[in-house]
Structures are given as structure tokens and as C-alpha cells.
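Chemist: Have a look at this one.
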Amino acid sequence: MRDHSVNQGPEGPAPPVWTGRATNRMQWLPAVAGVACMALGIAIAVRSSWTSGIAPLLMAVIGCVAAGLLVLFGTLAFVHVAVRVDQRGMEIRCGHIGVPRRRIPLSHVVDADFAPSVTPRQWGGWGYRWRPEKGTAVVVRRGEGLILRLGDGRTFTVTVDDAESAVHAIRSLLHPTPPPAPTGRASA
């Protein structure tokens, strides 16, 4: 999905804005498992006769509910990612509520590269990842991605649809082309 909107301002046209997304519908399966785990904890609390003692019962209920919440919110946070590139930088928002969120100012970006195939295996799974030898990544699905090369030597990778046009947008913002020089006199 591309949005190359150009807003006309008093100084002329503003630089374009690029937006893109990537979605992993398979993440809904673990989310359903999280809900089931929470339901199990609630069912244990409601149906238990409380004869085995309060401590083991509370541990089972709290354990099921806590595990279910962790799985549920951990997976829903990475069902999709939204990326926005504008003259200020790149912003990444994950999940339906936009958390985790990261903004990388263009002043920190040296270059951008297109990655035709980013896999969760390369990064150790789905989600927000960090590997000392590779950098940081947001991986919500297997496929094309965008790699930012940062001024401190690190990289930031994100899987997003139409990543190649995102790379072009970032490069055009990093290295804008000057307007053409006038070639002659205007005739009266």
C-alpha cells in the first residue's frame, strides 16, 4: 500500500509521505490459545471445590490467566505492522493499538536497502527482535522487508509490503534532487 500524498504549502510542495503495512493472520491462532488458557483458569476458579487448599488452586488459576494474557497480548501486538516514512523519519507501529512503537529520525539514517526475503528464522522468531550481530528487527511475517542502515553502525529491519518503494522514498528524502537550473532567458 502506497500513499505518496504531496501537500501544497506556502514554500511549495511538501515531501511525499509513504505508508505501508504487513499482516500475519496466523498470529490469531496463538491469540485464540491465549484466550483458551485464560478461560481454563477462570473455569478452574469457578468449578473447583476448594478442598485441595487455597495455595495450589490460586497458583493454578493465576498461572493459567497470566499465561493466557501474555500469549494473547504478545501475539496481538504482532498481528500487523504499520510503517510511515516522511521528512522527519520512519515510524513503526505494531498491533492494533500501535505498541510497541519506534520512531527513527532521518538524521540517524545513513541509507536504506531492500531485502527480498526476511524470515522469522533469521531473527529467532516473530516480533520485536534484537541480535547483536544483525541489529534490531520487527518481523511479523516472512517476505520482503526494508533495512535501515543507521549512523551508529547498527541496522533496523522491518517486514512490510512494497518495501522497495519505501526504500526509494527514504533515499529520496535522504538525498533530495535539486531543482533543475534555469537554462536561458525568459522571453518578454
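The values are calculated or read from the model by the stated rules, or taken from the named source; none is laboratory data. Since this is a predicted model, take the numbers as computed values, not measurements. For neighbour counting, all protein chains shown are included, and Cβ atoms are generated from backbone atoms with ideal geometry for every residue, glycine included. Note: areas computed on protein heavy atoms with side chains; ligands, DNA, RNA excluded. Shrake-Rupley method; radii C 1.70, N 1.55, O 1.52, S 1.80 Å.
Chemist: Stretch LEU174-MET59 to full length: gain in nm at 0.36 nm per residue minus the Cα-Cα span?
Modeler: Fully extending the segment from LEU174 to MET59 adds 36.0 nm.
Chemist: For GLY145, which sequence-distant residues (separation of 5 or more, or a different chain) have an amide H within less than 5 Å of its own amide H, given hydrogens modelled in the peptide plane?
Modeler: Hits under the 5 Å cutoff: ALA115, SER117, VAL118, VAL160.
Chemist: Let me ask something else. Give me the percent relative contact order of the chain, please, defined on Cα pairs under 8 angstrom at least 6 residues apart.
Modeler: 20 percent.
Chemist: Pairs of alpha-carbon atoms within less than 8 angstrom and 6+ residues apart define the contacts here; what relative contact order does the stretch 23-89 have, in percent?
Modeler: 52
Chemist: State, as an integer percentage, the relative contact order of the stretch 47-137 based on alpha-carbon contacts under 8 Å between residues 6 or more apart.
Modeler: 15
Chemist: Taking 0.36 nm per residue of sequence separation and subtracting the Cα-Cα distance, how much length would be gained by fully extending the chain between LYS134 and ALA36, in nm to one decimal?
Modeler: 31.7 nm is the gain from fully extending LYS134 to ALA36.
Chemist: Still on this structure, please answer the following. Could you work out [θ]222 nm for the chain from helices alone, using -39500 (n - 2.57) per DSSP H run of at least four and dividing by all its residues? Round to the nearest 500 deg cm²/dmol.
Modeler: -10000 deg cm²/dmol
Chemist: Ranked highest first by the average count of other Cβ atoms within 10 Å around their residues, in what order do 132-138, 99-105 fall?
Modeler: Top of the packing list down: 132-138, 99-105.
Chemist: At a probe size of 1.4 Å, how large is the accessible area of ARG141, to the nearest 10 Å²?
Modeler: About 30 Å², ignoring ligands and nucleic acids.
Chemist: Just to be sure I understand the model, the point goes 7 Å from the Cα along the line to the Cβ. What's the resulting VAL110 to ALA66 distance in nm?
Modeler: Calculated label separation equals 4.3 nm.
Chemist: While we're here: To the nearest 10 square angstrom, what accessible area does PHE78 show with a 1.4 Å probe?
Modeler: So the heavy atoms of PHE78 present about 30 Å² to solvent.
Chemist: Just one of [x] 76, 42, 23; [y] 100, 37, 25; [z] 55, 41, 37 is Cα extents along the principal axes in Å calculated from these coordinates, so which is it?
Modeler: Read-out from the structure maps to [y].
Chemist: Between PRO176, ILE104, TRP126, whose Cα lies farthest towards the positive end of the dipole of the chain when Lys and Arg beta carbons carry +1 and Asp and Glu beta carbons carry -1, centred on the Cα centre?
Modeler: In the chain, that residue is TRP126.
Chemist: If I take R0 = 25 Å and measure r between the Cβ atoms of HIS96 and SER48 in this structure, what FRET efficiency does the formula 1/(1 + (r/R0)^6) give, to the nearest 0.05?
Modeler: 0.15
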